[in-house]
């Protein structure tokens, strides 16, 4: 029996949910992408977010067994499974972020706990506290240059990299899953600020929000 | 008015298009490619300003950033006003409106001028210090008028219609300046594949190549510039930033570049093609690996009498206006020089078909190629001499020329007066060392070039003129070499490129001449200006040295030389040379002043970027923000969070739309909690998930109290001290499983406490198996509190709420409103309370379900103000309000929360046995009841024991929290009082600023339900 409390904080019941940006859409609007839009953003709400803490070797074994994927091989790494739906990102020397389709996280948490047994580790469900925002378009990188201090040049920020960095006056996780797409993982309480920042900074690129 | 000084051909202007602009209310014409300065000169506008202190008429002196006089106020409308624009840097656009910043009613007939003439003699250096400082109380009055009459522009009184932004840039090689050295360095670095940023402050890149009379590879030099710029434009690893000034060099090669994005188009930014707003200016925050300073050199003017009369220019500026802008700024030129290179001004003037009256050369026998060429063209060259004085009022009318003895600093020959309307001078060149100086590196004096070359910290390189190299071939070679070196330092070997062949020209040596002697001694000669922007004269510097100011830094303070937006670009070296002469020292012995960012003025908008208005600071919202807004909450800032402060309702009796005051709303909310049930959004409380086999041990070390025996399903209040024994945070921590806890922290302390836990774990106790993860945002927390709380919750949960099976300080999990929830039975109000935690995405559903069921119980939302009143009635502290970093748990009377006999020395334990924490007379937390129940004491009010004591009275403490309690129908307070725990029942006094004195009794901190029965029901 696990010495940590596991708790499925999600329900299958038909209950209204609100993403961290629900209020922002109502208050600030969500401009429809048009032919001039050089950057678009799309929220991937309600995904499962788990923080994995522990040693890299034991965690790597466990995620291979349970998810069929490896931990990123080095710091600031981001890996996806074959479907592209599940990802693991290095956050700090003993900390990774696992993102899975919404609803899968509790099952994965239980299976990982079982696989990890008595090892030193922790798994924390943080899915209600953050949301993922995708950025695409020819000006996505320039929009990020207005927003984050970190160097987002392709030489320095190749596909498969992810960092925690300063976003305007907040903190955000920034990752690059593909050549054309960037992702921001935002904390719920800062999401509205970051959203309004992106709309403002993206105005000159006719930013659109995919809903 | 026609452009009387426009040449028939030449220049990099588009003569096919006319632009109309307005200066001081008068309309003029110019061409695309002009600066405001070149267009004014073309139109024969000699006077552009009045001087700062003496109100003397002033004209354009330079052609670039170093211009001291042509500082104008730009903007056609009030909202678009921009102060401190240098006309030499402002591109002309159609409809441009500019005014002089100084001079009333106008620059030609200036009333202040009379004051300047009369007052000049009475305004020596240090004038402000000497005159206006006494009496000190009047300084504010003086300052207002001084600023009004001086003025270097004004800020707009209307809101700025423009937007601005920042761009975070990173590169391997940053090249500052796109003249010959910068272009060569950038090309060399770019060809290596390094990431290169090349910025240049001018409208066009090319620097001195754009007005050079020299050739490269047999072509005009500007053609080579064009070709290099084209190549750089085509390279993906190169970012070109024209109209971008490197203004500040900060630590670690962090350089701020100020790009003027649309200022060449209009005074407010036009919309983009798709109708979007665009930034008027942008701050590039560049982090560079290596930095190449290719900032060139500023020509030094000679300091002679009357050198500020309009029509006195720099020699190089004359060439720039002629060759780049097609403007000859006068009819008859007298050129006064100490070097060969400046001869080009006369050659250019002559070729433009206007008269060169004479070249006056301070050297006895100049013999360079350009000297020969000038003589061959029939230009009169007067040697061993200088212009000792320019005559004229409003415009130069003559130059007084005489032979001089430089070493003896005296005029040796007969004075000849040459009629002319323009005097150009050159006293050599000063490398632009401002940016290098920002790094803190001291420049070094170079006798050969008669200038300071920059001191360089690691990773900074200076190329070309910035390093004291002036011959074109040498400048290019230096740029190439440094570009290769900088790229190599970033791991990009470069083979460079083949340099174009430059002309080989023989230049004679220059002679050291700064201030030109006059027949009269400096103090009695007509004014010889060193710093025209700040009206600093050679006499002023001489006087300063006589008054004992020997350090150049002091001379600068005393005279204002190089102050403000000017930053000593033209005057500093001359000023130092004059100080050195007076002090009979060498220039390096006198030293140099330090330059500060910014190199030229930066608009505030660019500094702010989009961190303004609604984006000034993050606003953190809970999942229930929209509900709070819809229900009329007034908000309070708690850290960056917006928390409902109170919920003012429409006043029941008035019915005219008036809403409750804070006082009325809080009274209603308090009564609801004490009598029925209230609800608080407590989601902002910090929540930290703690897991690991040693989690319990860790808690025991970090908290003052014991955690070994806390069972699963139970909660405990904990107090946290810093290692100095002072309370730093508190909150309730729940045991979720043997190795799993959920800690709550204060709203404002959440991030700091998480860091605190990590700090101790990582640095002191890494052997402990424990991890900390913030779950503040994951959970939404809804606190229902009041006698009806159980009945309400029972309607929508499957959790057994029986008072004996779910006791106070326990938690249970189950479903609330169909949503998985953890419910904590803890209380910050003293009433029966359940804190419902659900995943934040469900928060609104659960909250609204509570209201649907709660209406019949009178469920009332309450805010932080009511929360404060209710907790204070119970004597519950708020860390940071009732504590201030000097308060121990014992001072709070919370010995019950300290595990003195815990086996491991928890943080702060040792400090609690220090003599200071053990002494008598520490300030201790007590309750205060004002004798007059209608009085609500002021928070922060000082407490005394004897109100009749003479002032200063001994103060024994102060009020930390004070409210009106609707439940008690009286004011009450918490306070810290010296030895307060032994003073229960004593009377204390609170003298107020208005002379009244309140009287209060020291009582227990618990004002309501002292036995705590209500929370246990």
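What follows is calculated from the coordinates using simple rules that are stated; it is not laboratory data. Everything quoted here is computed from the prediction, not taken from an experiment. As a convention, Cβ positions derive from the backbone with ideal geometry for all residues, glycine included, and neighbour counts pool all protein chains shown.
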Output ordering of B:497-505, B:935-943 (per-residue mean of other Cβ within 10 Å, highest first) is B:935-943, B:497-505
Using a Förster distance of 25 Å, the FRET efficiency for residue B:617-residue A:26 (Cβ separation, nearest 0.05)
0.70
Please work out the FRET efficiency for the pair residue B:982 and residue B:759, using the Cβ-Cβ distance as r and a Förster radius of 41 Å; give the result to the nearest 0.05.
0.65
Burial ordering of B:418, B:469, fewest other beta-carbon atoms within 10 Å first:
B:418, B:469
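Could you order the peptides A:128-134, B:365-371 from most to least packed, using the average number of other C-beta atoms within 10 Å per residue?
Values: A:128-134: 22.6, B:365-371: 18.0.
Final packing ranking: A:128-134, B:365-371.
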What does the structure give for B:320-327 when I average, per residue, the other chain Cβ atoms found within 10 Å of the residue Cβ?
0
Which distance in nm do the two modelled labels at residue B:751 and residue A:76 give, with both placed 7 Å along the Cα-to-Cβ direction?
2.2
One would report the antiparallel percent of DSSP beta bridges in the protein assembly as shown, rounded to the nearest 5, as 75
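Sorted by packing (mean other beta-carbon atoms within 10 Å per residue), highest first, where do B:245-255, B:709-719, B:195-205, B:948-958 land?
Output ranking for B:245-255, B:709-719, B:195-205, B:948-958: B:195-205, B:245-255, B:709-719, B:948-958.
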Work out the FRET efficiency for residue B:708 and residue A:94 from their Cβ-Cβ distance, taking R0 = 25 Å, and round it to the nearest 0.05.
0.40
Length gained, residue B:495-residue B:563, 0.36 nm per residue minus C-alpha separation, equals 20.1 nm
Per residue of B:267-274, what is the mean number of Cβ atoms on other protein chains within 10 angstrom of that residue's Cβ?
2
Simple spin-label estimate for residue B:856 and residue A:119 in nanometres, 7 Å along Cα-Cβ
5.3
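List the relative contact order of chain B as a percent without decimals, with contacts defined as Cα pairs under 8 Å and 6+ residues apart.
Answer for chain B is 9 percent.
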For residue B:254 and residue B:414 in the same chain, what is the full-extension length gain: residue separation times 0.36 nm, less their Cα-Cα distance, in nm?
52.0 nm
Residue span residue B:2 to residue B:78: 0.36 nm per residue of separation minus Cα-Cα distance leaves a gain in nm of 24.4 nm
Among bridges DSSP assigns within chain B, what percent are antiparallel (round to 5)?
75
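Which whole-number percentage describes the relative contact order of segment A:22-210, with Cα contacts under 8 Å and a sequence gap of 6 or more?
31 percent.
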Listed with the fewest Cβ neighbours within 10 Å leading, B:621, B:900 appear as B:900, B:621
Give me the angle, in degrees from 0 to 90, between the Cα long axis of helix B:572-583 and the longest principal axis of the Cα atoms of chain B, rounded to the nearest 10.
80
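Using the Kirkwood formula over every pair of different C-alpha atoms, what hydrodynamic radius in Å results for the protein assembly as shown?
35.3
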Between the modelled labels at residue A:107 and residue A:178 (7 Å from Cα along Cα→Cβ) the distance in nm is 2.5
Summing -39500 (n - 2.57) over every DSSP H run of at least 4 residues in chain A and dividing by its residue count gives a helix-only mean residue ellipticity at 222 nm, to the nearest 500 deg cm²/dmol, of -7500 deg cm²/dmol
Rounded to the nearest 10, the angle in degrees between the Cα long axis of helix A:105-116 and the longest principal axis of the Cα atoms of chain A comes to 40
Starting from the coordinates of the alpha-carbon atoms of chain A, obtain the Kirkwood hydrodynamic radius over all distinct pairs and give the value in Å to one decimal.
17.9
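Enter the mean number of other protein chain beta carbons within 10 Å of the beta carbon of each residue in A:8-19, as an integer.
Partner-chain Cβ atoms within 10 Å, mean over residues of A:8-19: 6.
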For chain B, divide the Cα radius of gyration by the Kirkwood radius and give the resulting Rg/Rh value with two decimals.
1.11
Cα-based helix-to-principal-axis angle, B:472-489 vs chain B, degrees rounded to 10
30
